[in-house]
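Just so it is clear, none of the values below were taken in a lab; they were calculated from the coordinates. Please read all numbers here as calculations on a predicted model, not as lab measurements. Positions of Cβ are generated from backbone atoms using ideal geometry, with glycine treated the same way; all protein chains shown enter the neighbour counts.
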Amino acid sequence: MENREIAEKVIELVGGKENIQSVAHCATRLRIITADKEKINMKEVENLDKVKGSFFNSGQYQIIFGTGLVNKIYDEVQSILGSSITTNAAPVKKEGTAFQRAVRTFGDVFVPIIPVLVATGLFMGLRGLLTQEAFLSMFGMSSDNLPANLILFTQVLTDTAFSFLPALVCWSTFRIFGGNPVIGIVIGLMLVNPALPNAYEVGQQTASPLYFFGFIPVVGYQGSVLPAFITGIVGSKIEKFLKKRIPDAIDLIVTPFLILLSSCLLALFVIGPIFHQVELIVLAVVERLLVLPLGIGGLIYGCFGQLLGIFGIHHILNFLEISMLSQTGWNMLNPIGTCGNMAQAGAVLAVAVKARNVKMKQIAYPSALSATLGITEPAIFGVTLRLGKPFIMSMIGGGVGGFLASILGLKATGMALTGIPGTLLYLNNQLPMYLFVNVVAMAVAFALTYTIGYKEVSEQAQQSTSPEQTTIETPPVSSSASSEEIVLCAALSGKVIPLQEVEDDVFNKGMLGQGVAILPKEGKVFAPCDGVISTVPSTKHAVGIAGAANTEILIHVGMDTVKLEGKYFDCKVKAGDSIKKGDILLEFDMNAIQSAGYTLVTPMVICNSDDYNNINIIASGEIQAGTELIRFTI
């Protein structure tokens, strides 16, 4: 099918010209915003020639074509549409509903904080194991034999992050909303200043709040989330307001003074008292749901919690889990949510075992493994949700597991770890029960899917429901005994990250080919080999290279950085330029991109990897640009 025909079919299948509000593209995907998403025929779009997959994200319908081709399809689409987008369509809306945008903002704020809270949760688990009499008795010891300084040291590890949580939240909020993050840190620290009554002591009634004007209670906000979050938003807005009005000559002195003063007053006397109560009410409602009698709360959340990720509102759980841990030291959502993940693994494993279609097996087996490790997107979007019934069976399995977790009163010491890694959050007398409920959830979903939830379909129908192919090892392209080895060098200096860990299904599911990602420590991209520049999008955030033996290489700086529209990027090459290994291709402002809320993880993939054999990643950890990174044969 010619590119013009593909473009015409795409327009037709998304509801016609009158349904299209805007069209854009990045290095790999055609991005369409429609007036009515119900008019899109996703199944037929994904069956089109040269389409590698499609999905919705942030209000956009994204169709994956790959580097080079997407530019041509976009040009054809623009040619067909002409001026119809602006004359016939309604004004372009912001991406997603107001609620979805609010939840995404929550996620943007809390995601950078989660790693330290994960570490803190692990410390809590290890501390629980260390003080467990049954564990100590194995070494002929008891808790009385532990040095007091050791216990004190463990308290430093477990208590610091939550004691100063408002500083972390305020810092991240300022960063996301465009304020000075350092000012955010200081405001957050003001909320937990030792001069204020400690929130934990007030909660235990060993201390009393300070009352101003006879009715405003003022306390420290140790472990609190919502007051710091709202204060961060307000403070960053105040900063922007002042920056526009205060002369540069006195900006350095006056602006920080006014921001700190006004934010602190608002936080302690208005925002804190109000939103701390809101936070407590939300937590109380959630906890009441989870402790409903007869395990009903666990059944409901275990069953339907999996839908949150599909609707893009799962980040709201970050706030709830962080608040639970900071207020009570326990996370009641984690064990129930984990059952949902393990149920996904069971359902997908049943599909993998029962399927006769090789392509389905290639997708399902790796997806089942990743689900047991807590990564369910490949399982959900690649298998269960596409097939329909397996997803329902996974919901039932998750509900059964959540029911048991609720009945047994399971509680985690931390967050963000589920499945097999999640065992680290239960290194106390809960571990056997944790393993039990997850095995049950997985087994129920497996059994239901295998018996009534999945029926093998014809090869043609199978391909229509699963257009993406995530392969682990590329098939040989030739039976010849001779082969040529090709090596690609790292395009950036930084930390090597497996492609499966990239937070974008297009990359982590291998839709664009195999490769690796790098978290850069320097804002420069170098040529990984000799070749010719095949594509440079107008947004300058990616580079396509035609290398030796017709390799198609894509280097994509950051996730969703196409939205920056070229800001902070300086591309040194253009399409058609010949390059040598080590040539500078692209420079980018790391701090500015991160401050704008985007991750810098940079995939480097071989888009036509199916044409080659034995693609191996040969470096790990911290590397320098120019280090040999990917090796394969032709």
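Data overview
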| quantity | calculated |
| --- | --- |
| Theoretical gain in end-to-end length, Phe153 to Leu258 [0.36 nm per residue, Cα-Cα removed] | 34.0 nm |
| Total formal charge among the other residues, if their Cβ is under 15 angstrom from that of Ser326, Lys/Arg +1 and Asp/Glu -1 | -4 |
| Computed over region 108-292: relative contact order in percent, which uses C-alpha pairs under 8 Å that are six or more apart | 19 |
| For Gln514, residues with placed amide H under 5 Å, excluding near neighbours | Ile606, Ser609 |
| Net charge of neighbours whose Cβ lies under 13 Å from the Cβ of Val192, counting Lys and Arg as +1 and Asp and Glu as -1 | -2 |
| Anchor Lys389: aspartates and glutamates whose Cα lies under 20 Å away (excluding residues fewer than 8 positions away in-chain) | Glu377, Glu456, Glu459, Glu468 |
| Listed pairs Lys540/Lys580; Lys243/Lys521; Lys72/Lys521; Lys43/Lys361; Lys52/Lys521 exceeding 22 Å between Cα atoms | Lys243/Lys521; Lys72/Lys521; Lys52/Lys521 |
| Asp589 paired with Met138, simple spin-label distance in nm, labels 7 Å along Cα-to-beta-carbon | 5.4 |
| Label-to-label distance, nm, for residues given as Glu628 and Ala549 (7 Å Cα→Cβ offset) | 1.4 |
| Relative contact order (%) - region 485-633, alpha-carbon pairs under 8 angstrom, separation at least six | 35 |
| Sequence of Tyr301, Tyr365 once ranked by neighbouring C-beta atoms within 10 Å, starting from the fewest | Tyr365, Tyr301 |
| Residue-wise HN-Hα coupling along region 487-493, computed from phi with Karplus coefficients 6.51, -1.76, 1.60 (Hz; x: Gly, Pro) | 10, 9, 8, 5, 7, 9, 8 |
| Cα centroid separation, region 563-634 to region 238-289 (Å) | 40 |
| Efficiency of FRET from Cβ geometry, Val285 and Asp570, R₀ 60 Å, rounded to 0.05 | 0.75 |
| Sites Leu519 and Thr160, calculated FRET efficiency, Cβ-Cβ separation with R0 35 Å, nearest 0.05 | 0.90 |
| Karplus 3J(HN,Hα) series, Hz, for region 224-241 with 6.51 cos²θ - 1.76 cosθ + 1.60 (x for Gly, Pro) | 8, 10, 4, x, 5, 5, 5, 4, x, 5, 4, x, 5, 5, 4, 4, 4, 4 |
| Charge dipole (debye, nearest 20) of region 108-292; +1 at Cβ of Lys and Arg, -1 at Cβ of Asp and Glu | 580 |
| Residue-span extension gain [Ile246 to Thr451] - 0.36 nm each, minus C-alpha spacing | 66.8 nm |
| Positive minus negative residues near Ile634 (Lys, Arg vs Asp, Glu; Cβ under 14 Å) | -4 |
| Placed amide H near Ser22: partners under 5 Å, 5+ positions off or other chain | Ile33 |
| Amide hydrogen neighbours beyond the local backbone of Ile615, cut-off 5 Å, H modeled | Thr474 |
| Lys361 paired with Ile497, simple spin-label distance in nm, labels 7 Å along Cα-to-beta-carbon | 3.3 |
| Cβ-based exposure ranking for Leu320, Leu260, Leu150, in which fewest neighbours within 10 Å come first | Leu150, Leu260, Leu320 |
| Residues of region 510-547 with amide N under 18 Å of the 7 Å Cα→Cβ point at Ser578 | 527-535, 545-547 |
| Three semi-axes of the equivalent ellipsoid, region 485-633, Cα gyration tensor, whole Å, largest first | 21, 17, 14 |
